[in-house]
Amino acid sequence: MKRRWRTPFREARLKLERANKHIVNLDDRIAALPDSDIATVEINPLGGNEVIKHDITDTDALVDIALIAGDAIHNLKCALDYAWLETVTKIIPSAVSKFAKFPIYPTSHALEAALREKKIEIFSPNLFRLILRDIQPYDEGNFAIWPIHRLDIRDKHRLLIPIVYYSSVNGIETENEKGEVSKDGFTMATTQEPPYYIGIPLGWHVKDKGKVSISVMFKYGVSGHEYRIVDSFSLYSRFILQVVEALEKFCESD
């Protein structure tokens with residue numbers, strides 16, 4: 001069957017589908033990181049106690065994850081642009097060339113000024129209200145649009161790194177001087193990059209070095225905080241889908 005490439009909003013949805021595939025690939029790439037973990041037991045030269053060392057040897061991970069993240073962000077941003085262009089083509093066909101990109105601004109006041117400058121409120125008062133009041137594509141407005149916009153700009157100039165491992169080690173087993181075995185030991189999560197060192201009390205011995213669990217986060221997110229990359233991108237995708245659906249519904253009802 002021949003694909004209906006020009007079905008309204010199909011292109012925006014195709015971009016969303018592609019973004020979601022990148023997000024799945026991102027999750028798989030991160031999930032594979034513990035497979036490259038090499039765990040050894042060393043002796044602390046200063047204290048003489050045993051130290052567990054976990055080292056992630058997948059040296060290509062950060063670059064691969066950054067590239068996949070950039071592809072996901074690009075497609076999410078394209079989905080917005082395609083949906084917007086589809087809307088303008090239907091509602092204001094004479095002004096398509098002026099409105100090629102989805103309107104995104106730092107504040108609601110800047111957004112309103114830009115829409116008024118382009119006479120959106122005159123061409124289509126309903127679209128003006130939908131963008132300004134409902135979709136809210138500005139910082140502290142829509143949860144996803146502003147971060148996607150900023151990350152897309154950043155990725156055009158440099159890879160979306162640094163990103164940081166957020167790791168813990170579970171299932172550590174040790175034996176004390178009395179021969180008593182302690183099971184299910186663990187470490188608290190840390191943002192330290194590998195290798196990870198876990199000191200054992202002097203006289204104790206390591207029975208099981210444990211397993212590493214890893215999440216990957218942007219070191220400095222748009223908000224200035226660290227956040228898990230896969231969880232955030234998945235939420236962004238859902239919010240962008242809602243925007244596409246809102247514009248599609250608007251075009252059907254207008």
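The values are calculated or read from the model by the stated rules, or taken from the named source; none is laboratory data. What you see is a predicted model; the values in this text were computed from it and never measured. Backbone-built Cβ (ideal geometry, glycine too); neighbour counts: all protein chains shown. Side chains included, ligands, DNA and RNA excluded: accessible areas come from the protein's heavy atoms. Shrake-Rupley method; radii C 1.70, N 1.55, O 1.52, S 1.80 Å.
For the residue pairs Lys21/Lys211; Lys77/Lys118; Lys15/Lys119, alpha carbon separations beyond 26 Å are given by Lys21/Lys211; Lys15/Lys119. For the chain, the per residue solvent-accessible surface stands at 55 Å², with DNA, RNA and ligands left out and a 1.4 Å probe.
The relative contact order of the chain, computed from alpha carbon pairs under 8 Å that lie at least 6 residues apart in sequence, is 25 percent. The apolar share of the surface of the chain, taken as the fraction of accessible area on carbon and sulfur atoms (1.4 Å probe, ligands and nucleic acids excluded), comes to 51 percent. Averaging the sequence gap over all C-alpha pairs within less than 8 Å and six or more residues apart, then dividing by the number of residues, gives region 77-194 a relative contact order of 17 percent. If only the Cβ of Lys and Arg carry +1 and only the Cβ of Asp and Glu carry -1, the dipole of the chain around its Cα centre is close to 1640 debye. Taken about its Cα centre, region 11-113 carries a charge dipole of about 920 debye when Lys and Arg each add +1 at the Cβ and Asp and Glu each add -1 at the Cβ.
Magnitude of the charge dipole for region 84-210, about its Cα centre and with charges confined to Cβ atoms of Lys, Arg (+1) and Asp, Glu (-1), is about 880 debye. Straight-distance candidates among the aspartates and glutamates for linking to Lys156, with alpha-carbon spacing under 14 Å and chain neighbours fewer than 8 residues away dropped: Asp71. Ignoring aspartates and glutamates fewer than eight residues from Lys90 along the same chain, the ones with Cα atoms less than 13 angstrom from its Cα are Glu248, Glu252, Asp254.
Helix content alone sets the calculated 222 nm mean residue ellipticity of the chain: runs of n ≥ 4 DSSP H residues at -39500 (n - 2.57) each, divided across all residues, give -14500 deg cm²/dmol. In terms of its C-alpha gyration tensor, region 103-254 has a prolate overall shape, because the principal axis ratio a/c (a ≥ b ≥ c, square roots of the eigenvalues) is not below 1.5 and a/b outweighs b/c.
Considering only Pro45, Pro34, Asn20, and ranking their Cα positions along the charge dipole of region 1-74 that arises from unit charges at the beta-carbon of Lys, Arg, Asp and Glu, the one farthest toward the positive end is Asn20.
Could you let me know the centre-to-centre spacing of region 179-207 and region 44-86, using Cα atoms, in angstrom? Centre-to-centre distance over Cα atoms comes out at 26 Å. Of all DSSP beta bridges confined to the chain, the antiparallel ones make up roughly 95%.
A simple spin-label model places pseudo-atoms 7 Å from Cα toward Cβ; at Arg154 and Ala31 they are separated by 2.6 nm. With a cut-off of 12 Å between beta carbons, the residues surrounding Asp184 carry a summed charge of +1, where Lys and Arg count +1 and Asp and Glu -1.
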